[in-house]
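Before any comments, here is the structure.
The values are calculated or read from the model by the stated rules, or taken from the named source; none is laboratory data. Here the structure is a predicted model, which is why all the values come from computation and not from measurement. Cβ placement follows ideal geometry from the backbone for every residue including glycine, while neighbour counts extend to all protein chains displayed. To get the accessible areas, we keep the full protein, side chains included, count just its heavy atoms, and leave off ligands, DNA and RNA. Shrake-Rupley method; radii C 1.70, N 1.55, O 1.52, S 1.80 Å.
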Amino acid sequence: MNVVFRVWRQRDPEDPGGFVRYPVDDLAPDTTLLEALDRLNNTLVARGEPPVAFDSDCREGICGACGIVVDGRPHGPLPRTTTCLVPMRAFRDGAIVTLEPFRTGAFPVLRDLVVDRRALDRVMQAGGYVSVRAGSAPEANMLPIARAAVERALDAAECIGCGACVAACPNGSASLFVGAKVSHLARLPQGQPERERRALSLVEAADREGFGACSSHGECEAVCPKGIGLDVIAQLNRDHLLATLARR
């Protein structure tokens with residue numbers, strides 16, 4: 001199959017940037033989008049042109065490194081699928097496929113399709129972990145946890161921090177990301193000692209990084225490649241409200 005990539009090219013953060021069209025021919029339908037970009041880059045390098053910069057690492061939908069807005073949708077047209085796993089058969093033969101970086105104020109564009117997502121790391125550094133002294137790993141059966149609680153915690157823990165939720169939100173909100181990190185530990189006994197402080201610290205850190213407020217559009221849930229639900233935002237709001245009242 002043949003496609004035309006309409007790619008955002010930007011040399012550096014100061015460059016205004018713009019779209020450039022590149023035809024890529026004879027792609028197998030099972031070729032992934034990133035593999036197609038690899039082929040395009042091989043052609044560009046052979047012609048002495050700079051390759052298209054984009055992020056990727058595991059290419060198995062696990063690490064969260066990849067992230068491109070494909071035809072207006074973060075990660076691409078397939079639900080619960082990261083950019084690295086999108087096959088070219090998801091597009092029609094002859095399609096013009098538009099590739100853009102995650103555009104949001106908290107993620108400045110560094111080059112082409114690469115954005116700086118360290119704001120999410122700084123939110124996590126504010127307290128998205130368990131820091132209490134817990135000793136060595138206890139025997140699993142010594143700390144019984146209801147299966148429903150475990151399943152809900154694991155659902156929230158699936159967040160890979162890719163930032164698609166932020167890119168999709170009209171407010172640039174990171175509430176789904178923060179909610180996943182807060183809910184993951186709030187649903188387990190190990191997360192209880194720092195539960196209040198964690199909710200306050202992560203929300204304050206997100207505000208400092210310039211992420212917007214949640215207004216329940218639901219776009220974050222729709223594009224999340226791991227299917228994180230809006231219930232984690234409800235959990236975040238409850239924990240943050242209770243922590244705020246307790247602090248007074």
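Observations on the structure shown:
- Portion, in percent, of the accessible area of the stretch 78-171 that falls on carbon or sulfur, probe 1.4 Å: 53
- Charge dipole (the stretch 89-248, unit charges on Cβ, about Cα centre) - positive-most of V150, P101, L200: L200
- Per residue of the chain, the DSSP helices (runs of n ≥ 4 H) give a summed -39500 (n - 2.57) that works out to -10500 deg cm²/dmol at 222 nm.
- Electrostatic dipole magnitude of the stretch 49-122 [Cβ: Lys, Arg +1; Asp, Glu -1; Cα centre; debye, to 20]: 260
- Summarising the strand pairing of the chain, around 75 percent of its internal DSSP beta bridges are antiparallel.
- DSSP-loop GluC sites (Glu not before Pro) across the stretch 118-217, with at most 12 other Cβ within 10 angstrom: E139
- Helix axis angle, 33-46 relative to the chain longest principal axis, alpha carbon, degrees: 50
- Dipole magnitude for the chain: about 660 debye, using +1 per Lys or Arg Cβ and -1 per Asp or Glu Cβ, origin at the Cα centre.
- Crossing angle, helix 175-186 versus the chain [Cα axis fit, 0-90 degrees, rounded to tens]: 40
- Charge dipole (the chain, unit charges on Cβ, about Cα centre) - positive-most of A243, F5, A90: A243
- The chain: angle of helix 147-157 to the longest principal axis, Cα-based, in degrees nearest 10: 40
- Cβ charges +1 (Lys, Arg) and -1 (Asp, Glu), total dipole of the stretch 62-165, debye: 100
- Rolling a 1.4 Å probe over the protein heavy atoms gives the stretch 82-192 an accessible area of 47 Å² per residue.
- Taking one quarter of the surface of the convex hull spanned by the alpha-carbon atoms of the chain gives a direction-averaged projected area of 15.7 nm².
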